[in-house]
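Each remark here refers to the structure printed beneath this line.
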Amino acid sequence: MIDPGIVPSLDPNPLPAPYWVFKLLLVVTFTLHMMAMNLMLGGAALALLARWRKSNAYGNRIFLDVAKKVPSLMAATISLGIAPLLFVQVLYGQYFYTSSILVAWPWFLVIVLVIAAYYGFYFVAYRGEQRSLAAGRAMLFSTTLVLVVGFIYTNNMTLGLVPARWAQKYLNGASGWHLNLTEPTLFPRYLHFMTSAIAVGGLLLVLIAWANWKRDRQYALALFRFGGKAFLYANMAQIVIGMGFLVSLPREERMLFMGDNPLGAALLGIGMVGTFAIIFLMFAALRNGNIRLAGLGVTGITAVVIATMCVMRDILRDAYLKPYLNAQPFAVQTQWSPLLLFLGLFVAGVVLWAVMLWRYGFFTKAGETGK
């Protein structure tokens, strides 16, 4: 029998909006954050790979082209990550704060690592052409820091799901360095997220190719083939990694997606069908040189797959914490005026962000120029 008293008491202040509103906002904002993060990290990693591939005549040009977009994507990742982090604190504060204390020093270092990575990306964007060798090293340095930040986040979030381990870790030493390295799902989960970044980074290159389709066909084709192949290989690897992640889950949580929970099973089915669909469509697009199919069809289905996986992640978190969540219900006292103001500003902010990306050149109206 699990003792719910392991978990700190719930904040007595009532929620200012219904519980389901915060849950919905958490999933939506986390999905947007993941899309931006995948574009940023995957784009940076593939820019490095393009630079290192000596067989690619456009490698350095791809590197510089993508590098100029990474700082803006980094800003979007951070900005869009604030909201889900706040909603996690509202709904899962006792778990999140406790795990953050256990991994205190790595958690504090996240700020330092992000700032250092930010500086590196900006250096490459503005000095990459003048200082080629240093730019490559700076991109590798910053990309590595982002990977470390992702690993710290994965440790913190997985540790927050297992309250039964908290006391033992803390009693072993109040050092603030208690990473969750013994968690069976840690590395499969981390690889699952990082591999998806490579796939979405490939889509970033495809979208840049689409924007250049009419102006410079040869360069656009090189971008399209490189990004499309990276997308294919990453998604093929993702099938194996995803199954490994599923198998690593405790049996009760794993069975949520194998039939015990109709919604979980349906979402897993949608994710798998969607993954096979985008692999098939990208293969067809590359074979036929159909940039429109890749830019519209594959990108749209990929967005649905990412959203599906984010909902599955939320279901999994609630399954892990079910013995504790049920013991501490939330009080609700809805404040409609601030809620409506927030929702209005949130929608306006997302629209403005999309318009900025469009104007910046990620989503140039290249449909009329594609095949």
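The aspartates and glutamates whose alpha-carbon is closer than 20 Å to the alpha-carbon of residue 322, local same-chain residues fewer than 8 away aside, are 3, 11, 183, 252, 253, 260, 314. Entry note, the range 10-182: relative contact order of 25 percent, from Cα contacts under 8 Å with a spacing of 6+ residues. With a/c under 1.5 counting as rounded, go ahead and sort the range 10-182 into rounded, prolate or oblate using the C-alpha gyration tensor (a ≥ b ≥ c being the square roots of the eigenvalues; past the cut-off, prolate if a/b is larger than b/c, else oblate). Prolate shape, in that a/c is at least 1.5 and a/b is the bigger ratio. In the structure shown, do any of 23/68; 68/214; 23/169 have a Cα-Cα gap over 26 Å, and if so which? As for pairs spanning more than 26 Å Cα to Cα, those are 23/68; 23/169.
Once you have a ≥ b ≥ c as the square roots of the Cα gyration tensor eigenvalues for the chain, tell me rounded if a/c is under 1.5, and otherwise prolate or oblate according to whether a/b is larger than b/c. Each step should come with its number before you reach the end.
Details: a/c = 1.74, a/b = 1.61, b/c = 1.08.
Prolate shape, in that a/c is at least 1.5 and a/b is the bigger ratio.
Cα centroids of the range 81-100 and the range 130-170: 18 Å apart.
Quote the relative contact order of the range 76-155 in percent (integer), defining contacts as alpha-carbon pairs under 8 Å separated by 6+ residues. Mind showing how you got there, number by number?
Details: 40 pairs, mean separation 22.6, N = 80.
This gives 28 percent for the range 76-155.
Please get the size of the charge dipole for the chain, origin at its Cα centre, with Cβ charges of +1 on Lys and Arg and -1 on Asp and Glu, quoted in debye to the nearest 20.
Working: 28 positive and 12 negative charges, 334 e Å.
Dipole magnitude for the chain comes out near 1600 debye.
Based on C-alpha pairs under 8 angstrom that are at least 6 apart in sequence, the chain has a relative contact order of 23 percent.
Give me the angle, in degrees from 0 to 90, between the Cα long axis of helix 19-52 and the longest principal axis of the Cα atoms of the chain, rounded to the nearest 10. Computed tilt is about 40 degrees.
Compute the acute angle (0 to 90°) between the alpha-carbon long axis of helix 299-325 and the principal axis of greatest extent of the alpha-carbon atoms of the chain; round to the nearest 10°. Approximately 10 degrees, to the nearest ten.
Here's how it looks for residue 15: its modeled amide H is under 5 Å from those of 331, 332, 333, which are all 5 or more places away or on a different chain.
Let a ≥ b ≥ c be the square roots of the eigenvalues of the Cα gyration tensor of the range 110-175; is it rounded (a/c under 1.5), or, if not, prolate (a/b larger than b/c) or oblate?
Taking the square roots of the gyration eigenvalues as a ≥ b ≥ c, the range 110-175 is prolate.
Averaged over residues, the count of other Cβ atoms within 10 Å places the peptides 20-30, 173-183, 339-349 in the sequence 20-30, 173-183, 339-349, highest first.
Computed from the Cβ-Cβ distance with R0 of 22 Å, the FRET efficiency linking residue 134 to residue 75 stands at 0.45.
Coordinate-derived values only; no laboratory data. This structure is a prediction, so every number in the text was calculated from the model and none was measured. Using ideal geometry, Cβ is built from the backbone for each residue, glycine included, and neighbour counts are taken over all protein chains shown.
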